[in-house]
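Readers should treat all values here as calculations from the given coordinates under stated rules, not as data from a laboratory. Everything quoted here is computed from the prediction, not taken from an experiment. Here the Cβ positions follow ideal geometry from the backbone for every residue, glycine too, while neighbour counts run over all protein chains shown.
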Amino acid sequence: MIKKFFIGLSLLIFLTGCGKNSKKSDESIEIYNKASDNISNSNTKSNLKEGANEEKNPYQDIYKQIEGVKFYNSGGSAIESIYFYRDGYFDGALKTGNGYEIGQSFYNGKFDIVEKIDDTSYKIKLVRFDYDSKTGEKSSKNINGTNFQITNIKTVFFDNENKTYILHLPDTKTASLNENIITGMKMAGNNFGEDKIGLFLLTKEKAGGESFAMVQYIK
């Protein structure tokens, strides 16, 4: 939990002018990026005993590819990010800001790869999700002489209606993605290739087609 608190404190430092410019979002992502490096050795991971889940899995090579990868979605006054550390397990954080009012969420969970769609995309299912912060709980914190009102909120990314997602590998053809996904990637501020996207992408699986969820954070 100390690690989680560090993430929260780090994120909050950059929330005073949340949504004013893209640079501030970039700074928030970078802080989360640094903090999540600590998560990889945190109590969540230490709870996984060595040797657990070592049985042969047909998708083990895909789990290995996303190990250590950070995904994020940034728009307006909100930024949410998850960090994969082993076998589909992840830690995540969300922050929103409106002046001196801050919303935050810390959580962890697990995705299982359930189906290979083609050589560059896989269906994944959210099989476990737990909050590390009690939703609805309020507090106040003084940061550098400024008082902030903090509320623990629910995640934006993981809603009750979306349990299955699609993981796109970097070799995914850009032209194969619909316009809504391309727009989402652009709004997140990511540069992607004209031929292949060149990064990992998560999309929500919905009736009528996929929609943008999160994209790999690249420094």
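For this structure, a couple of remarks:
- Listed peptides 141-152, 86-97 appear in the order 86-97, 141-152 once ranked by packing, highest mean of other Cβ atoms within 10 Å at the front.
- Here the gap between Asn142 and Asp112, fully extended at 0.36 nm per residue and compared with their Cα-Cα distance, gives a gain of 6.8 nm.
- For the stretch 104-187, projected area of the alpha-carbon convex hull averaged over all directions, nm²: 8.1
- Of all DSSP beta bridges in the stretch 87-219, antiparallel share, percent nearest 5: 90
- Taking each of Lys110/Lys206; Lys56/Lys219; Lys134/Lys219 in turn, the alpha-carbon distance tops 27 angstrom for Lys56/Lys219; Lys134/Lys219.
- For the stretch 163-171, 3J(HN,Hα) computed residue by residue from phi via the Karplus equation (6.51, -1.76, 1.60; θ = phi - 60°) reads 9, 10, 9, 10, 9, 9, 7, x, 7 Hz, glycine and proline entered as x.
- Pairs over the 31 Å Cα-Cα cut-off, from the set Lys116/Lys138; Lys64/Lys141; Lys95/Lys116; Lys138/Lys163: Lys116/Lys138; Lys64/Lys141; Lys95/Lys116.
- Ranked by the mean number of other Cβ atoms within 10 Å per residue, highest first, peptides 180-188, 73-81 order as 73-81, 180-188.
- Where the Cα pairs of the stretch 152-214 fall when distances are cut into 5 Å bins, in %: 4, 17, 29, 25, 14, 8, 3, 1, 0
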